[in-house]
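Each value in this text was obtained by applying a stated rule to the coordinates, not by laboratory testing. Since the structure is predicted, the reported quantities are computational estimates derived from the model, not experimental observations. So basically every Cβ, Gly included, is an ideal-geometry build from the backbone, and we count neighbours across all protein chains shown.
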Amino acid sequence: MKTAVVVPTLGVRIDLLDQSLRSIRESGNVHICVVAPGSFDYSGLKEAGLLDQFVIDPMEGLPNAINKAFSELPQSVLYISWLGDDDLLKVDSIELVEKVLDSNEHIDFVYGYCEYIDINNRVIGINKSGKIARLILRFGPCLIPQPGSLIRRSAFDQIGGLNTGYKLAFDFDLFLNLNKNGKLKSVPFTLSSFRWHSDSLSVSSRLASVNEASRTRIEHLPIHVKSLAPIWEYPIKKMTYYAGIILNKRVILD
């Protein structure tokens with residue numbers, strides 16, 4: 001298997017974790033690595049054929065857990081990603097994205113469209129930003145969906161992995177680092193489903209997530225531009241925050 005997907009979990013939502021792992025199996029020929037606390041009993045998942053590797057979470061934050069799992073993957077793995085234990089991949093999505101990376105060695109990161117679903121798997125929205133998300137990455141909201149994306153492992157290692165100085169915006173920081181070389185590509189297909197519910201970090205820590213994303217954008221700006229950042233950061237933060245509020249209302253109304 002040349003692609004691996006890491007699934008970090010605390011093991012408290014077994015039904016959703018089961019759905020997530022099954023969706024990965026249906027996405028292509030994928031090496032599934034679960035990273036969880038040492039007390040987590042993964043034997044049932046192993047017997048069901050839903051994981052290939054288990055890594056003990058050092059319990060030093062989510063980016064540390066993902067970095068550790070990536071570092072312990074088989075050397076044969078060329079492409080990597082991670083998926084929340086409540087999110088889903090579309091059927092054959094990994095197979096599709098693998099072909100993009102296989103056919104162009106100059107591309108390091110591929111992403112596509114992403115549905116937003118509620119706890120009952122009902123679609124409440126969809127992110128179809130596509131190429132626009134990459135073009136506005138440095139000065140706008142982060143619209144690149146991480147679920148369903150795939151990273152060339154050598155590029156991930158070259159930039160030093162996920163920045164553990166971030167608690168929530170580490171994926172945004174990763175996109176910005178990869179984009180410095182202009183090696184991001186979008187595909188016009190729905191690759192994943194992000195579950196929007198109260199326990200999700202992106203939902204429960206919405207304001208903190210928006211503020212940390214703003215700090216990430218500013219830190220990646222050229223030094224002579226940073227002083228001007230407040231001009232656009234305030235409206236961007238407001239827009240991003242209220243977009244989340246709208247999704248919350250859709251979940252409640254449904």
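A compact table of results
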{"quantity": "Label-point gap, in nm, between Val225 and Lys167 - each point 7 angstrom along Cα→Cβ", "calculated": "2.8"}
{"quantity": "Positive dipole terminus of the chain, leading residue within Pro58, Phe175, Ile236 (C-beta point charges)", "calculated": "Ile236"}
{"quantity": "Electrostatic dipole magnitude of the range 108-174 [Cβ: Lys, Arg +1; Asp, Glu -1; Cα centre; debye, to 20]", "calculated": "180"}
{"quantity": "Cβ-derived FRET efficiency at R0 51 Å, Ala208 paired with Glu26, nearest 0.05", "calculated": "0.95"}
{"quantity": "Computed label-point distance, nm, for sites Asn104 and Asp92 using a 7 Å Cα→Cβ extension", "calculated": "2.1"}
{"quantity": "Of Lys167/Lys226; Lys2/Lys226; Lys2/Lys237; Lys99/Lys226; Lys128/Lys167, those spanning more than 32 Å from alpha-carbon to alpha-carbon", "calculated": "Lys2/Lys226; Lys2/Lys237; Lys99/Lys226"}
{"quantity": "Footprinting exposure proxy for Glu115, Glu98 (fewest neighbouring C-beta atoms within 10 Å first)", "calculated": "Glu98, Glu115"}
{"quantity": "Nonlocal amide H pairs with Tyr116, under 5 Å, H built at 1.01 Å", "calculated": "Ile124, Gly125, Ile126, Asn127, Phe194"}
{"quantity": "Coil-residue trypsin sites (Lys or Arg not before Pro) of the range 122-171, DSSP, other Cβ within 10 Å capped at 13", "calculated": "Arg122"}
{"quantity": "Nearest 10 degrees, 0 to 90: helix 14-25 Cα axis against the chain principal axis", "calculated": "90"}
{"quantity": "Unit charges on C-beta of K, R, D, E only; dipole of the range 3-195, Debye", "calculated": "760"}
{"quantity": "Estimated FRET transfer efficiency (Gln158, Phe189; beta-carbon r; R0 25 Å; 0.05)", "calculated": "0.40"}
